[in-house]
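So the structure is just underneath, and the comments pick up after that.
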Amino acid sequence: MSRAFLVVMDSVGIGGAPDAGQFFNEGRPDTGANTVLHIAEAQRLDLPHLDRLGLGAAIRLASGAEAPGLGAAPQGIWGAATEISPGKDTPSGHWELAGVPVPWDWHYFPDRQPAFPPEVVARVCELAGTERILGNRHGSGTVMLEELGAEHLRTGWPICYTSADSVFQIAAHEEAFGLDRLLKLCETLAPMLHEMRVGRVIARPFLGGPGGFQRTANRRDYAIAPPADTILDIAAQAGRVTHAVGKIGDIFSHRGITRLHKGGSDADLAGHLLRLIEEAEPDSLTFANFVEFDSLYGHRRDIPGYAAHLEWFDGIVGQALHRLKPGDLILFTADHGNDPSWTGTDHTRERVPVLGARHGAASQAVGQVGFSDIGASVAAHLGLPAPGHGKNFL
């Protein structure tokens with residue numbers, strides 16, 4: 001029996017990307033961005049399990065920097081991975097981790113107002129049955145609710161906004177506008193945006209009233225499908241059970257997935273992961289994403305919050321390692337960086353850690369690898385055909 005657990009710590013980068021200078025935050029290149037290092041320099045981090053796997057050593061390998069307090073001798077599988085896809089977004093990172101680098105340039109909406117072309121606005125109004133939309137600019141989702149939520153309730157017009165990612169987001173009140181209506185709007189609009197190479201149309205439902213609007217857990221991402229078979233597709237085609245924890249289902253357009261495990265928080269998702277380590281079927285693949293590093297702390301440039309979440313997650317890592325069974329492989333990695341000390345609010349182009357363990361196996365340094373090598377290694381562990389890109393490092 002060989003099971004695999006691939007766990008993405010969304011945005012937990014470790015610096016050193018060789019092409020960081022080609023990516024920007026408010027005009028500043030990402031050269032020198034290093035999510036974990038800069039958090040560790042700002043305040044003490046207590047990450048005994050991640051560091052014991054090799055986090056500090058991975059930071060040194062990726063960027064040549066010494067992270068304060070992360071100096072343990074590695075006892076797990078450890079290395080650093082470099083992305084080749086031409087984006088620092090969620091789909092690019094996850095697809096490449098799963099063996100499929102992105103072969104095109106994403107479409108990004110300009111940071112001006114209006115941000116969206118008239119034909120897109122007209123299509124949204126047609127589908128929503130409204131005269132206009134609100135927003136039509138770059139912005140933070142929570143700020144959009146604060147600024148436009150009351151007008152949305154008064155007019156019924158959907159709030160449409162984007163970010164530095166290749167996304168088109170629509171926020172609407174679950175009760176006043178209707179959750180099913182919002183989801184249908186996004187689902188029907190998505191093919192038009194996908195033809196433009198916009199990566200995701202995201203439904204952002206919320207509840208409450210002025211001064212107390214709150215986004216709900218009913219978010220739904222309508223993502224463009226990967227252009228080739230990922231490790232999820234390969235596993236499913238081989239008759240293996242695949243478990244998607246968190247937003248993995250949305251990122252991969254629900255392709256190659258046997259069972260979805262959703263939750264309202266990373267704590268909920270941690271419960272799913274730990275349960276699956278106990279219960280998942282022989283020869284199964286579990287692919288998990290923990291998003292709150294990114295969504296709650298990275299984009300908001302909240303160093304203390306990010307640090308606290310890393311320390312909380314380190315405890316989950318310890319529990320996961322303790323529950324591994326013979327034949328199990330678990331790998332912890334990331335899809336990009338989001339340095340909370342950096343300019344702007346966008347992701348940062350960084351290398352990511354490769355940390356993990358095989359039940360009963362000794363420490364193994366895998367060195368500098370590619371994102372796709374992670375997917376290829378997971379496939380090899382499961383005895384599956386390799387995806388189109390990547391080499392097994394195990």
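Scaled to the compact-protein estimate 2.2 N^0.38 Å, what is the alpha-carbon radius of gyration of the stretch 33-153, rounded to two decimal places?
The stretch 33-153 yields a ratio of 1.58.
Which one, Thr31, Pro18, Thr90, projects farthest toward the positive side of the charge dipole computed for the chain from Cβ point charges (K/R +1, D/E -1)?
Projecting each Cα onto the dipole axis, the largest value belongs to Thr90.
Quick one: accessible area per residue over the chain, 1.4 Å probe, rounded to a whole number of Å²?
36
Determine the share of the chain's accessible area contributed by carbon and sulfur atoms, expressed in whole percent, with a 1.4 angstrom probe.
50
Please give the FRET efficiency for Glu151 paired with Lys391, using the beta carbon to beta carbon distance and R0 = 51 Å, rounded to the nearest 0.05.
The pair Glu151/Lys391 has a calculated efficiency of 0.45.
Of the DSSP beta bridges with both residues in the stretch 242-394, give the percent that are antiparallel, rounding to the nearest 5.
Bridges in the stretch 242-394 are about 40 percent antiparallel.
Of all beta bridges DSSP finds with both residues in the stretch 118-223, what is the antiparallel percent, to the nearest 5?
45
What fraction of the DSSP beta bridges in the chain is antiparallel, stated in percent and rounded to the nearest 5?
35
Using Cα positions and a limit of under 28 Å, work out the lysines in reach of Lys184, with same-chain residues fewer than 8 apart set aside.
Output for Lys184: Lys247, Lys262.
With the crude spin-label approximation of a point 7 Å out along Cα→Cβ, what separation in nm comes out for Lys184 versus Arg197?
Placing both labels 7 Å beyond Cα along the Cβ direction yields 3.3 nm.
Which entry in [x] 20.4, 63; [y] 28.5, 94; [z] 22.5, 75 matches Rg and Dmax of the Cα atoms in Å derived from the coordinates of this structure?
Among [x] 20.4, 63; [y] 28.5, 94; [z] 22.5, 75, the one calculated here is [x].
How much net charge surrounds Ala62 when only the other residues with a Cβ under 10 Å from the Cβ of Ala62 are counted, with Lys and Arg +1 and Asp and Glu -1?
Computed value for this residue: +1.
Ignoring everything but the protein chains, give the 1.4 Å probe accessible area of Glu96 in square angstrom, nearest 10.
Ignoring ligands and nucleic acids, Glu96 comes out at about 0 Å².
Just add up the charged neighbours of Leu45: K/R +1, D/E -1, any other residue whose Cβ is under 12 Å from the Cβ of Leu45.
Local charge sum for Leu45: -4.
Assuming a viscosity of 1.306 mPa s and a temperature of 10 °C, what translational diffusion coefficient in µm² per second does Stokes-Einstein assign to the stretch 118-223, Rh being the Kirkwood radius over Cα pairs?
The estimated diffusion coefficient comes to 119 µm²/s.
Please give me the summed charge of the neighbours of Gly318: other residues whose Cβ is under 14 Å from its Cβ, Lys and Arg +1, Asp and Glu -1.
-2
Straight distance only, please: which lysines reach the Cα of Lys391 with their own Cα at less than 19 Å, same-chain residues fewer than 8 apart left out?
Cross-link targets: none qualify.
Looking at the chain as a GNM with Cα springs under 10 Å, which of Thr142, Thr162, Thr35 has the largest mean-square fluctuation?
Highest fluctuation of the listed residues: Thr142.
The values are calculated or read from the model by the stated rules, or taken from the named source; none is laboratory data. Remember, predicted model here, so these are calculated numbers, not experimental data. Virtual Cβ from ideal backbone geometry, glycine too; neighbours counted across all protein chains shown. These area figures cover heavy atoms from the full protein model, side chains too; ligands, DNA and RNA do not enter into them. Shrake-Rupley method; radii C 1.70, N 1.55, O 1.52, S 1.80 Å.
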